[in-house]
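The values are calculated or read from the model by the stated rules, or taken from the named source; none is laboratory data. Keep in mind that what you see is a predicted model, and the values were worked out from it rather than measured. Cβ coordinates were reconstructed from backbone atoms using ideal geometry, including for glycine residues, and neighbour counts include every protein chain displayed.
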Amino acid sequence: MIKLGLYGAGNRTKSLIDTFKYDDFYKVHAVYDLNENAATALAAAYGGTVCKSADELASFDGVDAYLISLAPVAHADALRKMIPAGKPIFIEKPVSFSGAEMKELALLAEKYNVPVQVGFMRRYLPETLAALDYIKTNETGQVFSVDCTWHHHGETEMNYHVFNNTNDFRLKVSQIPFHCCHQLDVMLLMGGKVKSVTSHMNKIIDRPYPSPDDLTANVVFESGAIGRFHYSSMVYYSEISYRFHAENYSIKMNTQDKQMLEIFHRPRFVTSRLGKEPEKQADCGKFNVTYEGFCKPDTMEFSQGLAYANENIMYDFVRTVRDGVKPWADLWAAARVQGFAEAIELSAKLGRTIEFDEDGLPIID
């Protein structure tokens, strides 16, 4: 059984450790939080010893692995303190809002030979796993484009915290590197390394909310594919959706406000494209009946959501600690995601295209 050291005793920590509460994969061995009452309450419910400092947690005897879940502005410093302990680490996203700092942390983890897994939950959703598996096992041909849309009611979040918690970090950080890191992670998994980003942003409404009112980023991938990321906090419906277009098929994911995957195939053979007697089909509509018939999508709808993703996340971490399996979402993946987010906002603010280096980080003059 894995003995966990918890850095942070908030609700996200509880939801993660509740994932396998009765399966005996791990148990709480030690816990530290700046809020000592929160740490004490967690230890009373889950067991473990309350530590008085991060240093005590890092050196606490018997810990096999660490789980870090804090306000995101505190993640990088916490990780920097835990890496030298030499134990596997799970850390929530975003680890840092700086691509350069992410690279520094990735190199530090390599120096101490510490595997670090980052909590990019959307790559673990069933529809995302199914889409990535399909792309991996079915020849794409040339990939043409990868698009992502993320729309939400920014005003609801802003209003809640303005009236209930004016010091909440959500009123101080943009959603692009914060929540949208999940979507950008999926875009990179589908499209590969990014060559450049050109963004345009509207930020014209006076409100205590640092996210753009609306932002569109045009992306060029190293493969030659293009992409588009559209974020809006001033829209009156919610949407998180993706489109993947390649030579041999197109994929729509979550486009009907459902956990749905639609795979549209290009007709493979000349006969399936043209029909058995194309020369007799004078009318264009009739001529394309065969083609359209072969393009009808394979459709899958999934019922499992974030609880399923949490199980996948934590079981990957169990395998990292117990079996030595390299984390799927490691610090280098997190660095590329953060670099992507950083470039998207920076391009809009500077009014120019941002290029990327070989590590997937933005080149900032």
Checklist entry - What residue, among those in the range 111-150 that are touching a helix residue (DSSP H, G or I) at 6+ places or on another chain (Cβ under 7 Å) and among the polar types (S, T, N, Q), is farthest from Thr299 (Cα to Cα)? => result Gln117
Checklist entry - When you go through (1) in the same structural domain as Glu342 (by TED's automatic domain parsing); (2) in contact (Cβ under 8 Å) with a residue 24 or more places away in the chain one by one for Ala100, which number turns out not to apply? => result (1)
Checklist entry - Where in the range 1-90 are the strands (runs of 3 or more DSSP E), entirely inside, with at least 3 residues that are modelled with pLDDT of 95 or more and under 30 Å from Leu171 (Cβ atoms)? => result 65-68
Checklist entry - Which of the following residues is crowded, with 20+ Cβ neighbours inside 10 Å, under 20 Å from the mean Cα position of the chain (by Cα) and of a type in the set (Gly, Ala, Ser): Gly192, Gly119? => result Gly119
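For (1) modelled with pLDDT of 95 or more; (2) within 19 Å of Cys148 (Cβ to Cβ); (3) touching an Asp or Glu at 6+ places or on another chain (Cβ under 7 Å), each residue gets a yes or a no:
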{"position": "Gly285", "(1), (2), (3)": "no, no, no"}
{"position": "Asn288", "(1), (2), (3)": "no, no, no"}
{"position": "Ser303", "(1), (2), (3)": "no, no, no"}
{"position": "Trp332", "(1), (2), (3)": "yes, no, no"}
{"position": "Gln338", "(1), (2), (3)": "yes, yes, no"}
{"position": "Ala343", "(1), (2), (3)": "yes, yes, no"}
{"position": "Leu346", "(1), (2), (3)": "yes, yes, no"}
{"position": "Gly351", "(1), (2), (3)": "yes, no, no"}
Checklist entry - Scanning for something within 22 Å of His75 (Cα to Cα), touching a residue at least 12 places away in the same chain (Cβ under 8 Å) and under 20 Å from the mean Cα position of the chain (by Cα), does the range 125-140 turn up at least one residue? => result no
Checklist outcome for this item: The lone condition Phe90 fails out of (1) in contact (Cβ under 8 Å) with a residue 24 or more places away in the chain; (2) loosely packed, with under 15 Cβ neighbours inside 10 Å; (3) among the aromatic types (Phe, Trp, Tyr) is (2)
Checklist entry - Within the range 266-287, is there a residue that is in contact with a Cys (Cβ under 8 Å, 6 or more places away or on another chain), assigned by TED's automatic domain parsing to the domain that holds Ile226 and either in contact (Cβ under 8 Å) with a residue 60 or more places away in the chain or more than 25 Å from Thr198 (Cβ to Cβ) (or both)? => result yes
Checklist outcome for this item: Taking the range 241-266 and keeping only residues that are within 30 Å of Tyr209 (Cα to Cα) and crowded, with 20+ Cβ neighbours inside 10 Å, one is left with Tyr242, Met253, Asn254
Item to check | Residues located in the range 58-83, provided they are more than 18 Å from the chain's Cα centre (by Cα), surrounded by fewer than 17 Cβ atoms within 10 Å (Cβ to Cβ) and among the small types (Gly, Ala, Ser) | outcome: Ser59, Gly62, Ala74
Checklist outcome for this item: Of those in the range 1-49 that are β-branched (Val, Ile, Thr) and under 19 Å from Ile91 (Cα atoms), the residue surrounded by the most Cβ atoms within 10 Å (Cβ to Cβ) is Val31
Next on the checklist: Residue under question is Asp323, and the condition is that it be over 20 Å from Arg122 (Cα atoms), free of Cβ contacts under 8 Å to residues at least 12 places away in the same chain, touching a helix residue (DSSP H, G or I) at 6+ places or on another chain (Cβ under 9 Å) and of a type in the set (D, E, K, R); does it hold?
Outcome noted: no
Checklist outcome for this item: (1) modelled with pLDDT under 95; (2) surrounded by fewer than 22 Cβ atoms within 10 Å (Cβ to Cβ) all hold for Asp214 apart from (1)
